[in-house]
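The values are calculated or read from the model by the stated rules, or taken from the named source; none is laboratory data. Just so we're clear, the structure is a prediction, and the values are computed from it rather than from any experiment. All Cβ positions, glycine included, derive from the backbone under ideal geometry; neighbour counts span all protein chains shown.
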Amino acid sequence: MSLLYKIIFLLFLCTSSCAAFEDPLGEFCNKDTNISSGSKLSSNIDKLLSQLVLKTPSTGFVATTYGKYKQDQVFGLAQCRGDVSTQDCFNCIQDAAKQIRDRCPDQADARIWYDYCFLRYNSKSFIGEVDTSFGIFYFNVENVTDPKGFNKELGTLMDQIRAQAVMPKDEGLGKGNSKLSPFVTLYALVQCTRDLSELSCAQCLAIAVNNFSTFCNNRKGCRVLYSSCYVRYELYPFYFPLDSKNKGDSKTLRAIVYP
Ligand SMILES: *[C@@H]1O[C@H](CO)[C@@H](O)[C@H](O)[C@H]1NC(C)=O
Ligand SMILES: *[C@@H]1O[C@H](CO)[C@@H](O)[C@H](O)[C@H]1NC(C)=O
Ligand SMILES: *[C@@H]1O[C@H](CO)[C@@H](O)[C@H](O)[C@H]1NC(C)=O
């Protein structure tokens, strides 16, 4: 499959505190969906966003629509990472709702990614569909010293938590760790948006993991952010409840991949 990718690499420092209350990990404003700011659709987006802010924290997930008539109806989805607290979820969704309007003021299709949450809306329905058309990859600049052994352990852990994520009771979330040596532990988390079926969730996670070889190849840590799923692994604890060991500060690179 040969697709043309426009890849932008940005170098920046991301410390352990870069998750909530701050700039998003990325956003996508679909420039083919421009709308005028005074329109009914635009005001419906504002109303949808206030509903998402209100309703998401209690359950961690909302997929809904706003608007009486088809021509100005908008579909929205907001989800927090399954391991974060209600308070962190609330803060994240609130930031996301504000930032998405600041960053994509004139688009009917917009998405925004944080570590603790994801939010998107579109005038076309996307609920239940796997979407990996736009991807953001974050990867550690450092490489592991024993790629062969590491990839074997990573593969095993990924299989394990992907199997968790598609269990109905786990609501799209899988997480776990694996001791690589007495001093080194690998931590990983995967999550699908909760509107996906088990099959679609498995499909999204498989696409993410299959793309490890492109952006995450032998890296000490990596994140894949799609509109339908999130995959991350690190050699330090990053998901809740946090392991007692110190959180790692690591230098990461970002790649944004457009279809
Ligand atoms: C949408 O608007 C942006 C500016 O905000 C512009 O760059 C882009 O070309 C427009 N897209 C279309 C399809 O008109
Ligand atoms: C890690 O490996 C990649 C190639 O796979 C290389 O481009 C990069 O410079 C390496 N990073 C370090 C810190 O050595
Ligand atoms: C990832 O892999 C799938 C096939 O497994 C492919 O269709 C997709 O374009 C790849 N690239 C990105 C950046 O997601």
When you look at Asn140, is it more than 16 Å from ligand 1 (Cβ to nearest atom), touching a residue at least 24 places away in the same chain (Cβ under 8 Å) and not charged (D, E, K, R), yes or no? yes
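Among the residues of region 100-111, are any outside any strand (DSSP E or B) and either in the same structural domain as Val231 (by TED's automatic domain parsing) or farther than 28 Å from Ala255 by Cα (or both)? Even if it seems obvious, please write down each step before you answer.
Of all residues in region 100-111, those outside any strand (DSSP E or B) come to 100-106, 108-109.
If we keep only those that are either in the same structural domain as Val231 (by TED's automatic domain parsing) or farther than 28 Å from Ala255 by Cα (or both) too, we end up with none.
No - not one qualifying residue is present in region 100-111.
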Of all residues in region 124-172, how many are closer than 17 Å to Gly221 by Cβ and among the acidic types (Asp, Glu)? 3
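Among the residues of region 29-50, which ones are in contact with a helix residue (DSSP H, G or I) (Cβ under 8 Å, 6 or more places away or on another chain) and within 14 Å of Gly76 (Cα to Cα)?
Looking only at region 29-50, we keep the residues that are in contact with a helix residue (DSSP H, G or I) (Cβ under 8 Å, 6 or more places away or on another chain), and these are 29, 35-36, 39-41, 44-46, 49-50.
Passing the criteria: Leu41, Asn44, Ile45, Asp46, Leu49, Ser50.
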Could you tell me whether any residue of region 89-96 is away from ligand 3 (no atom under 16 Å from the Cβ), crowded, with 20+ Cβ neighbours inside 10 Å and not in a helix (DSSP H, G or I)? no
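Can Val62 be described as in contact with a Ser or Thr (Cβ under 6 Å, 6 or more places away or on another chain) and within 16 Å of ligand 3 (Cβ to nearest atom)? I'd like the intermediate steps shown before the answer.
Details: in contact with a Ser or Thr (Cβ under 6 Å, 6 or more places away or on another chain): yes; within 16 Å of ligand 3 (Cβ to nearest atom): no.
No, not satisfied.
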When (1) within 16 Å of ligand 2 (Cβ to nearest atom); (2) surrounded by 15 or more Cβ atoms within 10 Å (Cβ to Cβ); (3) of a type in the set (Lys, Arg); (4) without any contact (Cβ under 8 Å) to a residue 60 or more places away in the chain are applied to Lys220, the one that fails is (4)
Scanning region 187-217 for residues that are crowded, with 18+ Cβ neighbours inside 10 Å and of a type in the set (Val, Ile, Thr), the one nearest to ligand 2 (Cβ to nearest atom) turns out to be Val209
Give me the pairs: first residue in region 52-72 and on the phi > 0 side of the Ramachandran plot and surrounded by fewer than 19 Cβ atoms within 10 Å (Cβ to Cβ), second residue among the basic types (Lys, Arg) and part of a helix (DSSP H, G or I), beta-carbon distance under 8 Å, and six or more apart or on different chains, which are they? Gly67/Lys40
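Here is a yes/no grid of residues against (1) assigned to a loop (DSSP other than H, G, I, E, B); (2) out of contact with any helix residue (DSSP H, G or I) (no Cβ under 7 Å at 6 or more places or on another chain):
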{"position": "Phe137", "(1), (2)": "no, no"}
{"position": "Thr145", "(1), (2)": "yes, yes"}
{"position": "Gly149", "(1), (2)": "no, yes"}
{"position": "Gln160", "(1), (2)": "no, yes"}
{"position": "Gln164", "(1), (2)": "no, no"}
{"position": "Gly176", "(1), (2)": "no, no"}
{"position": "Leu186", "(1), (2)": "no, no"}
{"position": "Leu205", "(1), (2)": "no, no"}
Inside region 101-116, can you point out the residues that are in contact with an Asp or Glu (Cβ under 6 Å, 6 or more places away or on another chain) and either within 16 Å of ligand 2 (Cβ to nearest atom) or not β-branched (Val, Ile, Thr) (or both)? Arg103, Tyr116
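Could you tell me which of the residues Gly128, Gly76 is closer than 30 Å to Lys40 by Cα, touching a helix residue (DSSP H, G or I) at 6+ places or on another chain (Cβ under 6 Å) and more than 16 Å from ligand 1 (Cβ to nearest atom)? Can you show your working first?
Details: Gly128 fails: touching a helix residue (DSSP H, G or I) at 6+ places or on another chain (Cβ under 6 Å).
Matching residue, one of Gly128, Gly76: Gly76.
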